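J.: Quick one: the structure is below, and I'll ask about it shortly.
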Amino acid sequence: MSLKALLPNTLLLLGTLLSGAALAQEGSHADPDTLVVQPHGAAAGHEVAEHTSSAHTPEKFNAGKLIMEHIGDAHSWHLWGHTSLPLPVILWTDKGVEFFSSGKLMDEHHRPVAYQGAHYTYLLEHEKIHAVHVDGTVNEAAQVTDLSLTKNAVTLIAACALLLVVFVGMARGYAQRSISAPKGLAKFLEPIILFVRDDIAKSAIGEKHYQRFLPYLLTLFFFIWSLNLIGLIPIFPFGANVTGNIVTPLVLATITFLIVTFVANKHYWRHIFAMPGIPVPVLVILTPIEIMGHFIRPIVLMVRLFANIMAGHIVLLVFFCLIFIFSKNGESLIGGYATSPFALAFTIFINCLELLVGALQAYVFTLLTSIYIGTAVAGGHDDHHH
Amino acid sequence: MELVTPPIGLLFWMCLSFGIVVWLLAKYAWKPILGSVSQRERSIEEALNEAKKMREDMARMSAGNEELMRHAREEREVMLKEARDIRDQEIAGAKTKAKAEAEALLGRAREDIRNEKNAAITEMKNQVAELSVTVAEIILREKLGSEAAQHALVDKVMKDADLRKS
Amino acid sequence: MKLDDGIDKEELEEVTGPAKSYARYGALGIQMVAFLAVGVIGGRWLDGKLAWKFPLFTLLGVAFGLVGSLWFLFKEAQRK
């Protein structure tokens with residue numbers, strides 16, 4: 001393993017160690033406060049009776065809940081203990097757009113409270129915002145679409161901004177240096193760009209067509225990779241599980257599907273609808289299968305990325321949660337101390353593995369996209385499969 | 001099931017931001033980066049080709065040099081050989097000439113010696129003849145004296161007529 | 001061949017080779033499962049709609065899924 005590869009590993013190790021502290025506080029997040037409904041500042045008089053039970057029973061450590069919270073999306077960014085960063089809530093309702101801070105939707109103990117917006121009263125429950133009546137029942141008539149900048153959305157936009165800054169900056173550097181060898185970050189990134197170009201795009205799509213798809217493939221690769229890495233660093237500005245959210249693989253696979261569908265040539269469609277050299281009775285079975293295949297391949301792409309990243313995050317968290325499970329939520333210190341080195345070691349090990357998996361999944365997604373595009377644009381003579 | 005139900009909000013932001021990022025990166029990042037990378041690759045390739053061509057030229061040139069050197073060497077060989085031949089010829093010529101001269105000299109010397117010898121013999125003959133005449137003359141005159149005087153005279157004459165003196 | 005950035009082509013191939021196979025065959029596996037799932041779910045849904053006594057479409061769906069996954073397995077095997 002070269003020095004280049006060691007550096008991010010070391011960083012990740014550090015991140016994992018720090019995450020221990022962050023998660024430890026999370027684990028002991030037992031809220032001793034009793035259930036109190038408090039009137040909420042400006043929206044006084046519109047307070048709503050709490051009807052969520054799970055959030056307010058004295059909490060026991062619940063590994064499943066913790067894991068789900070960590071891999072899921074959130075309207076506020078949990079920093080440590082009882083501190084979280086409120087994020088902007090944007091709601092598209094049938095009466096107009098609403099814009100307010102997510103801090104308005106919970107009290108200082110992180111319990112959901114209703115907020116009177118301009119058009120409706122809103123309640124955040126299980127990370128879903130509903131329009132509610134004054135008595136706390138869901139207002140079914142109100143049409144509310146939640147376009148909030150959630151933790152994932154913010155991370156996503158930040159990652160996009162980061163990609164833009166890095167690569168546009170890199171391009172600027174290239175323009176200045178003209179054809180001399182790359183320097184700094186470009187020196188590290190250029191081989192990767194070349195790798196995507198030569199080893200993924202050119203080899204899978206072919207010399208003739210690959211250049212057209214290169215911008216998409218490069219963006220795809222770096223987008224997935226960066227978000228995977230961001231998801232692996234478990235401290236504040238990072239940690240959002242964007243690629244492990246169904247939306248990312250879904251959108252990316254859909255784009256790939258659209259590209260394949262639109263660029264596919266006659267040869268590709270003929271092989272789907274009327275494969276040459278196959279008798280008609282067989283075609284009756286084969287054609288639906290091939291059509292199915294056309295739709296299933298992007299689904300495979302999606303499932304793969306989603307399942308891998310999701311599974312990685314879950315495994316990581318499970319190992320970490322072992323500490324709390326064995327310490328019986330802090331009651332058995334011996335259990336906690338005895339298991340924590342092992343659990344921590346495993347967590348670190350899995351994190352390193354995930355680092356690899358993050359890059360590998362970006363590679364796999366890009367490669368499979370290239371292969372699908374390759375089959376769609378391949379000519380009749382130079383491809384080997386039938 | 002909640003995990004696999006796409007939330008509309010995130011879906012919206014995803015489509016928006018990914019669309020924008022693809023578009024912006026394609027326009028302001030990938031195009032210039034790939035452009036300059038391929039330009040660099042082209043220039044490297046050109047440089048490599050150039051170097052290859054140069055190497056070939058060099059090889060060709062050195063082959064030419066070799067030829068030239070060989071040629072020069074051959075020429076030198078020829079010239080040296082010629083020079084050697086000429087020298088040998090000259091030496092041989094000189095030798096024959098010297099030999100002939102020496103022969104001639106020797107011949108002349110022999111002739112001279114023979115001539116001198118002949119001359120000496122003739123001279124000696126002449127002197128002997130003259131002496132004989134003189135002796136005869138003196139003897140004749142002495143004959144007129146005493147016999148003893150005559151003998152003494154002959155002895156005296158004979159003593160005087162030392163052959164070596166003449 | 002050594003590239004100018006110091007990456008060994010063969011060394012890279014050693015890493016990407018298995019990764020490529022992993023991508024391909026992993027995708028194939030998921031595709032097979034997805035085919036079966038689509039067949040079963042689609043068949044069950046149709047049967048639920050039609051409410052016949054005999055779950056004909058579930059069986060057909062299973063058959064469809066099986067044939068489909070085998071067909072793509074066959075196609076993948078034909079490659080190379």
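Derivation of every value follows stated rules applied to the coordinates shown; laboratory data play no part. Small disclaimer: the values here were computed from a predicted structure and weren't measured. Positions of Cβ are backbone-derived with ideal geometry, glycine not excepted, and every protein chain shown enters the neighbour counts.
J.: Among rounded, prolate and oblate, which fits region B:9-121 when a ≥ b ≥ c are the square roots of the eigenvalues of its C-alpha gyration tensor, a/c under 1.5 means rounded, and a/b larger than b/c means prolate?
T.: prolate
J.: Please state the charge dipole magnitude for region B:9-121, taken about the Cα centre, from unit charges on C-beta atoms (+1 on K and R, -1 on D and E), reported in debye and rounded to the nearest 20.
T.: 280
J.: Length gain on complete extension for the stretch B:GLU101 to B:CYS15, per 0.36 nm per residue less the alpha carbon to alpha carbon distance?
T.: Net length gain for the segment: 18.7 nm.
J.: Follow-up. Based on the Cβ-Cβ distance from C:VAL33 to A:ARG270, what FRET efficiency comes out when R0 is 30 Å, to the nearest 0.05?
T.: 0.60
J.: Could I ask something else about it? Give the shape of region A:152-377 as rounded, prolate or oblate, defined through the alpha-carbon gyration tensor: a ≥ b ≥ c are the square roots of its eigenvalues, a/c under 1.5 means rounded, and otherwise the shape is prolate if a/b is larger than b/c and oblate if not.
T.: Note, shape of region A:152-377 comes out oblate.
J.: Specify which residue in the list B:THR134, B:ALA120, B:ALA100 is farthest towards the positive end of the charge dipole of chain B, using unit charges on the beta carbon of Lys, Arg (+1) and Asp, Glu (-1), about the Cα centre.
T.: Selected residue: B:ALA100.
J.: Suppose each label sits 7 Å from its Cα in the direction of the beta carbon; what would the C:LEU73-A:VAL134 distance come out to in nanometres?
T.: 6.6
J.: If contacts are Cα pairs under 8 angstrom and at least 6 residues apart, what is the relative contact order of chain C in percent?
T.: The normalised contact order for chain C reaches 28 percent.
J.: Moving to a separate point now. Can you give me the Cα centroid spacing of region A:335-365 and region A:176-231 in angstrom?
T.: So the two Cα centres are separated by 27 Å.
J.: 7 Å from Cα along Cα→Cβ at both A:GLN143 and A:TRP80: what's the point-to-point distance in nm?
T.: 4.6
J.: Can I ask one more? Output the pairs from A:LYS202/C:LYS75; A:LYS65/C:LYS20; A:LYS202/A:LYS266; A:LYS266/C:LYS49 with a Cα-Cα distance over 25 Å in this structure; if there are none, say none.
T.: In this structure, A:LYS65/C:LYS20; A:LYS266/C:LYS49 lie more than 25 Å apart at Cα.
J.: Further question on the same structure: Region C:36-50 to region A:65-85: how many Å between their Cα centroids?
T.: 38
J.: When the Cα centres of region A:127-158 and region B:68-146 are compared, how far apart do they sit, in Å?
T.: If we compute the Cα centre of each part, the gap is 147 Å.
J.: On full extension of the chain, what length is gained from A:ILE325 through A:VAL284, given 0.36 nm per residue of separation minus the C-alpha to C-alpha distance?
T.: 9.1 nm
J.: I'd like the orientation of helix B:8-25 relative to chain B: the angle between its Cα long axis and the longest Cα principal axis, in ° from 0 to 90, rounded to 10.
T.: 30
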